[in-house]
Amino acid sequence: MTSCPYCDLIQNEQFPLLYEDEIAVAFLTPTPHVAGHTIVCTKKHISILEQLPDDIAGHLFDLANRLSSIIHTALNTDGTNILVNNGPTANQDVPHFSINILPRRKNDGYKFDWNKRELNNELMLEIHNRIKTQLDKNIKNRKEEKEENIIIANQNKDQDKKQNKDDEENYLLKQLQRVP
Amino acid sequence: MEQKLSPNHSPDDQCAFCQIVKGEFESLKIYEDDICTAILDIKPANPGHVLLLPKQHFEIFPIIPKDIVKHLSITAKKISHAILQSIKASGTNILIANGEAAGQASNHTMIHIIPRIENDKINQFILEKNQIDEEDQSQLYSIISQKIQEVFNK
Ligand SMILES: [Zn+2]
Ligand SMILES: [Zn+2]
């Protein structure tokens, strides 16, 4: 990964990290949007949220949440944003999945004042239906996958048991054969 | 942080989002389990803008217990994925605001999941570099780093 600025930073021993564990790192970005702008990301190169395993996603967000609180206290700010820009369309500017912690101050001139749109009922219902159907399907597929894995695991166990039983029978047989 | 960011504590029965969670207030739910509820924002930044709410009333994100934070983030990931698969969107912004200065508008904390479309003219999430001089950056580093050490090595 020669073209990833975050991988380069993480591998650079001179670069000061704020935090490091086996999975994640946190550091002040060299391109801060606001003072104290901190990045939380995986050590391993992962591009987007959808590629993050669940447990690692949980770990990163929990870490970002705790760090946001610590940074807020350390810098005595008025608030914090935790922001993920997932995909170039969502303004992701580094190809390494990351959580931004943005310490905020009153009147810092920065606002999440997106245009609040009014959609007609029909469109709202259609969007609702599409997302919900997809989400339900994904959850069901995952559950089935898990159940399948359990069934396979149990089958293997049964086979092991059978194998053990066979061995036992062989052993008994040998024992019997020894009997004069 | 808790006290500073949330001076006006409001009981659950006055919170619109608690009412939504309990089903006393109409909403378009896309997901629900024991811990959280996800609804469509009625005034979205883009079609498919989702609000993911912990069922329990927490005023800001940092006071949420670790297990619930993890569950919420994994659920946000699933919702983001379903959005990208099912509607016209090729990216998502996931946003949490703690405190009024950060744009928090409701005292029931939540995660915004905002679908993004090419050329949608939403420019609030562009995190361009602003001028912070080297000296400040290293000073910020020592202040934050020290606090992190304090908390994590306790
Ligand atoms: Zn990378
Ligand atoms: Zn509430």
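Bear in mind these aren't lab numbers, they're just calculated from the coordinates by the rules spelled out. Since the structure is predicted, the reported quantities are computational estimates derived from the model, not experimental observations. Virtual Cβ from ideal backbone geometry, glycine too; neighbours counted across all protein chains shown.
P(r) tail for the range A:1-47: Cα pairs beyond 15 Å make up 41% of the total. Scanning residues 5 or more positions from residue A:19 or on other chains, those with amide H under 5 Å from its amide H are A:26, with H placed 1.01 Å from N in the peptide plane. The phi torsions of the range A:39-52, fed into the Karplus equation with coefficients 6.51, -1.76 and 1.60 and a -60° offset, translate into couplings of 10, 10, 8, 6, 5, 6, 6, 10, 7, 9, 3, 5, 8, 7 Hz, rounded to whole numbers, with Gly and Pro shown as x. Ordered from longest to shortest, the equivalent ellipsoid semi-axes for the range A:5-104 are 19, 15, 14 Å, each the square root of 5 times a Cα gyration tensor eigenvalue.
Compared with the dominant Cα axis of chain B, that is its longest principal axis, helix B:66-86 is turned about 60°.
Exposure proxy for A:116, B:78: other Cβ atoms within 10 Å of each Cβ, ordered fewest to most, give A:116, B:78. Evaluating kT/(6 pi eta Rh) at 10 °C and 1.306 mPa s, with the Kirkwood radius of the protein assembly as shown over Cα pairs in the Stokes-Einstein relation, gives 72 µm² s⁻¹.
Counted residue by residue at 0.36 nm each, then reduced by the alpha carbon distance between them, the extension gain from residue B:121 to residue B:56 reaches 19.9 nm. Structural descriptor for chain B: relative contact order 22 percent, calculated from alpha carbon pairs under 8 angstrom and at least 6 residues apart.
For the pair the range B:69-100 / the range B:128-154, the C-alpha centres are spaced 28 Å from each other.
Treating r as the C-beta distance of residue B:26 and residue A:153 and R0 as 35 Å, the FRET efficiency rounds to 0.20. As a proxy for reagent exposure, ranking B:106, B:142 by other Cβ atoms within 10 Å from fewest up yields B:142, B:106. Using C-alpha pairs below 8 Å separated by at least 6 residues, the relative contact order for the range A:1-144 is 22 percent.
Evaluate the range B:73-154: find the radius of gyration of its Cα atoms, find its Kirkwood radius, and give the ratio Rg to Rh. With Rh from the inverse mean 1/r over Cα pairs, Rg/Rh is 1.09. For a 4.7 Å threshold on C-beta separation, the list of partnerless cysteines in chain A reads A:41. Residues A:19, B:141 in ascending order of nearby Cβ atoms (within 10 Å, fewest first): B:141, A:19.
If R0 is 35 Å, the Cβ-Cβ spacing of residue A:116 and residue B:150 corresponds to a FRET efficiency of close to 0.30. Helix B:134-152 and the longest principal axis of the C-alpha atoms of chain B enclose an angle of approximately 70°. Each Lys and Arg Cβ is given +1 and each Asp and Glu Cβ -1; about its Cα centre, the protein assembly as shown then shows a dipole of about 440 debye. The H on the amide N of residue B:110, modeled in the peptide plane, is under 5 Å from the matching H of B:97, each at least 5 residues off or on a different chain.
In the range A:47-100 the Cα-Cα distances spread across 5 Å bins starting at 0 as 4, 18, 25, 21, 17, 11, 4 percent of all pairs. Looking at chain A, the pairs of alpha carbons with a distance over 23 Å make up 63% of the total.
Computed log10 I(q)/I(0) for chain B at 0.08, 0.13, 0.21 Å⁻¹: -0.29, -0.74, -1.36, from the Debye equation with unit scatterers placed on every C-alpha and solvent omitted. Modelled spin labels at residue B:143 and residue B:105, positioned 7 Å past Cα toward Cβ, are 3.1 nm from each other. Axis of helix A:54-75 versus longest Cα principal axis of chain A: the two differ by about 30°, to the nearest ten degrees. Along the range B:113-127 the Karplus relation, 6.51 cos²θ - 1.76 cosθ + 1.60 evaluated at θ = phi - 60°, assigns HN-Hα couplings of 10, 10, x, 10, 10, 3, 6, 7, 6, 7, 10, 6, 9, 6, 9 Hz to successive residues, with x for each Gly and Pro.
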